[in-house]
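These notes are about the structure you will find just below.
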Amino acid sequence: MDLTELTGAILSYGEICDHCLGRMVGKRSFGLTNDQRGKALRISFYLARNEPYKPHEGTCWICQDFFEDIGEWADRVVAALEGTEFSTFLIGTRIPPLMAEGEEMVWSDLSLSFAEPLKSEINREVGKAVVERTGKEADLSRPDVVIILDPVSGTVEVQVNPVFFSGRYRKLERGIPQTHWDCRICRGKGCERCGFTGKQYPDSVEELIGRPVVELFGAEGAVLHGAGREDIDARMIGTGRPFVMEVVSPRRRTIDLRTVEMEVNKQAEGRVEVSLSGWSRREDVETIKSDKAHKKYRILVEIDGPLSFSELKSALEALKGV
């Protein structure tokens, strides 16, 4: 069918706004908004039929006139992001099933292959309004924050993506695990055995580095991803162990890593020290965990009584492969 017939068929389903009407041919032509496409289709339809023009009135049966409130939704997003540092963002929407099913029914009935989903237009239009209000950029691949719109509840949800930085740590004190361990008795709930901390050990390398990191970034947490791990009762000296730190839900993102390094070394003095090398990405976590590390151990052996060279050599041979 031609566009005039198609428009008539779409209008027969019920009252529909220009956005939803235009979105039925959203992948045709360029340089037009769906609102403009819808207006053009509606005008052409009534011109072709030589009938009085009827603009959209009432409530759109597909989107419930969502697009009349784009500015209000953008304001909600800006308010929800207040106090969070970000340069890029991404808008997402939880489309109610009835809305999605409604437009999909039209696509199926009319065999439409050039329609655009409602979710795509909502995300784009709200995103454009947020750009106007904040001057920030939309990023579809690596946004600093993701904002989810919920048309049913009228609320927005903010998901702050983590930041990553890498470096090396040296563990100067024995008896410290690399990462947090839940208490074996209460499994993290807190009991007399662990002093109601929920922890098997009072501290870990992860926590000694993570506490100042959480403070500086205003984050919810910090997760250490190490290239292997050393035994609890062993130190990690030499050049140190490579690691990537994942900073969870940071309110601040552009902290000088030199400041981070100094603060960690100050708070963990004598126990752990770090040397930070730069910012990282999530992919670096997988890389650092898959690397095959080679360890060197230095041991001090105390022997009672005399020992011949041949006996020493035999003892060392016996240790090979252990």
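The one condition from (1) in a loop (DSSP other than H, G, I, E, B); (2) in contact with a helix residue (DSSP H, G or I) (Cβ under 6 Å, 6 or more places away or on another chain) that GLY270 does not meet is (2).
The helices (runs of 4 or more DSSP H) found wholly in segment 10-111 and carrying at least 2 residues that are in the same structural domain as ALA129 (by TED's automatic domain parsing) and surrounded by fewer than 20 Cβ atoms within 10 Å (Cβ to Cβ) occupy 34-49, 70-80, 97-110.
Residues in segment 25-44: is at least one acidic (Asp, Glu) and modelled with pLDDT under 95? There is no residue in segment 25-44 that is acidic (Asp, Glu) and modelled with pLDDT under 95. Residues in segment 112-149 that are assigned to a loop (DSSP other than H, G, I, E, B) and more than 17 Å from the chain's Cα centre (by Cα): LEU112, SER113, PHE114, ALA115, GLU116, PRO117, GLY135, LYS136. CYS63 fulfils the conditions (1) closer than 18 Å to GLY8 by Cβ; (2) out of contact with any Gly (no Cβ under 6 Å at 6 or more places or on another chain) except for a single criterion, (1).
Taking into account only those residues within segment 201-215 that are surrounded by 19 or more Cβ atoms within 10 Å (Cβ to Cβ) and free of Cβ contacts under 8 Å to residues at least 60 places away in the same chain, which is nearest to ASP182 (Cα to Cα)? Among them, the one singled out is SER204. Here ASP139 clears all of (1) among the charged types (D, E, K, R); (2) more than 27 Å from VAL244 (Cβ to Cβ); (3) surrounded by fewer than 18 Cβ atoms within 10 Å (Cβ to Cβ) except the condition numbered (2). Among the conditions (1) in contact with a strand residue (DSSP E or B) (Cβ under 8 Å, 6 or more places away or on another chain); (2) within 30 Å of SER280 (Cα to Cα), GLY175 misses just one, which is (1). Starting from residues that are assigned to a loop (DSSP other than H, G, I, E, B) and at pLDDT 95 or above, keep the ones in segment 210-234 and report whichever is farthest from the chain's Cα centre (by Cα). Taking the candidates together, the pick is GLY218.
The values are calculated or read from the model by the stated rules, or taken from the named source; none is laboratory data. Being a predicted model, the structure only gives us computed values, none of them experimental. FYI the Cβ positions are ideal-geometry reconstructions off the backbone, even for glycines, and counts take in every protein chain you see.
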